[in-house]
1. Looking only at residues that are modelled with pLDDT of 95 or more and among the hydroxyl-bearing types (Ser, Thr, Tyr) in region 8-35, which one is nearest to His64 (Cα to Cα)?
2. Out of Val361, Val344, I need the residue that is open to solvent by 60 Å² or more (accessible area, probe 1.4 Å), out of contact with any helix residue (DSSP H, G or I) (no Cβ under 6 Å at 6 or more places or on another chain) and among the aliphatic types (A, V, I, L, M). Which one?
3. What are the residues in region 136-164 that are surrounded by 15 or more Cβ atoms within 10 Å (Cβ to Cβ), over 20 Å from Thr283 (Cβ atoms) and touching a Pro at 6+ places or on another chain (Cβ under 8 Å), if any?
4. Would you please list the contacts, defined by Cβ atoms under 6 Å and residues six or more apart or on different chains, that run from a residue in region 158-170 that is assigned to a strand (DSSP E or B) to a residue that is of a type in the set (Lys, Arg) and open to solvent by less than 60 Å² (accessible area, probe 1.4 Å)?
5. Checking Asn309 against (1) free of Cβ contacts under 8 Å to residues at least 60 places away in the same chain; (2) in contact with a Pro (Cβ under 6 Å, 6 or more places away or on another chain); (3) closer than 21 Å to Asn231 by Cα, only one condition comes out false. Which one?
6. What are the residues in region 43-66 that are in a helix (DSSP H, G or I) and in contact (Cβ under 8 Å) with a residue 12 or more places away in the chain, if any?
7. So, in region 178-226, how many residues would count as being surrounded by 17 or more Cβ atoms within 10 Å (Cβ to Cβ), part of a loop (DSSP other than H, G, I, E, B) and under 25 Å from the mean Cα position of the chain (by Cα)?
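The values are calculated or read from the model by the stated rules, or taken from the named source; none is laboratory data. Model, not experiment: these values are computed from the prediction. Here the Cβ is made from the backbone with ideal geometry for all residues, glycine too, and neighbour counts use every protein chain on show. Please note that ligands, DNA and RNA were not included when accessible areas were found on the heavy atoms of the full protein model with its side chains. Shrake-Rupley method; radii C 1.70, N 1.55, O 1.52, S 1.80 Å.
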Amino acid sequence: MPLIRTFHPIGQGAFYSESHSFTGIEFNIIYDCGSTTLRRTQLDSRIKSFFNKNQSIDALFISHFHTDHISGIETLSKHCKIKKVIIPLLHDEEKTMAKIVNFLNNSNFSDTRLIDDPEDFFGGDVPIIRIEETNADSINDNIDPNDSIDISRIDFSRSLPSGTMFELVSGSSWFLIPLNYKQEERKVRFKTALANYGLTLSDISTIDKINKYKDTIVKAYRLIDGSLNGNSMILFSGKKSDDQILCCDYLQPSYLHRYLNQKIQSGCLYMGDIDLNEKNIVTSLHSKLNPFINYVGTIQIPHHGSLKNFNKAILSSQVRCAIFSYGERNHYGHPSGKVIGDIVSHNIRPHYVTEEQASMVIQFK
């Protein structure tokens, strides 16, 4: 089953795609599509230059709803034919927090349809699959490696448990496993900070209300250590068997021949902006993905390489490729030198995917 996996150069954001070909069928997957350091016209051009007009996207996965992960989705949905969308299940409080973060980072942010009503955003004929939350300390919802759903046959919106194992098509042996961990710690601290100013999340649930109380919200937000992510859905994409691919990083042309001939396990762990330091998350991930973890050769480092979101315990013995997606002129200090050091010390090659076209990373079989 040939595979081309692309880590697109869009700077401070995330845009990753996989194209699978088998038995005369092409199956395209996207995980996130957004940037805050490329101009909108530049991002649109990158999307349109990679996909043909009306090309099918069989499954679009959205890790969470911050602008740097979703700003290209409107263009993607107009340029391509998206067949189904998989998102973390959002409750009202998580929707409000996503709006707050997006508005504070961009005061022109106003279109909340994707957050509030994705069926309306994508159109009624596109099934929306919502992945329910799970707790990191839960021991009753481990993945059954013999129980999978053919994702190509899902034709209506529904909610499914975290850890549902999707197969591309029946018999393909390639699996997609989304994991949606509840991240409560920062939300609780933010709600407490708001309460000190006499506000609740329900008081600021719309853009107009957020704008009205902007100064107060900023004061409360500054008391939170790190990003205010209510959800960030992880995705495992790969097999539960030995399967090797090649990796090419064009930023290092002198290494091109060497890395074209370096084989790594084909599985990838897309991590969005997950906070790997929240209690028990890494232990839970390794437990739930136990049948698959030894076949993960690539890991997308969460939150653009932020020190606050990274935990080196996530690095399994087979990981050989680490993807850092970040803007060259971001003001957050991403990626952390400490995180890069942890990666290199585990004999894992870091790949730096920025705005530069030449920073694109391609894996293929």
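1. So the residue we want is Tyr31.
2. One residue alone meets the criteria, Val344.
3. Across region 136-164, the qualifying residues are Ile154, Ser157, Thr164.
4. Ser159/Arg130
5. Of the numbered conditions (1) free of Cβ contacts under 8 Å to residues at least 60 places away in the same chain; (2) in contact with a Pro (Cβ under 6 Å, 6 or more places away or on another chain); (3) closer than 21 Å to Asn231 by Cα, the odd one out for Asn309 is (1).
6. Leu43, Asp44, Arg46, Ile47, Lys48, Phe50
7. Result for region 178-226: 4.
Yes/no matrix, rows are residues, columns are (1) without any contact (Cβ under 8 Å) to a residue 24 or more places away in the chain; (2) at positive phi; (3) not in a helix (DSSP H, G or I):
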| position | (1), (2), (3) |
| --- | --- |
| Ser19 | yes, no, yes |
| Asp68 | no, no, no |
| Ile86 | no, no, yes |
| Lys95 | no, no, no |
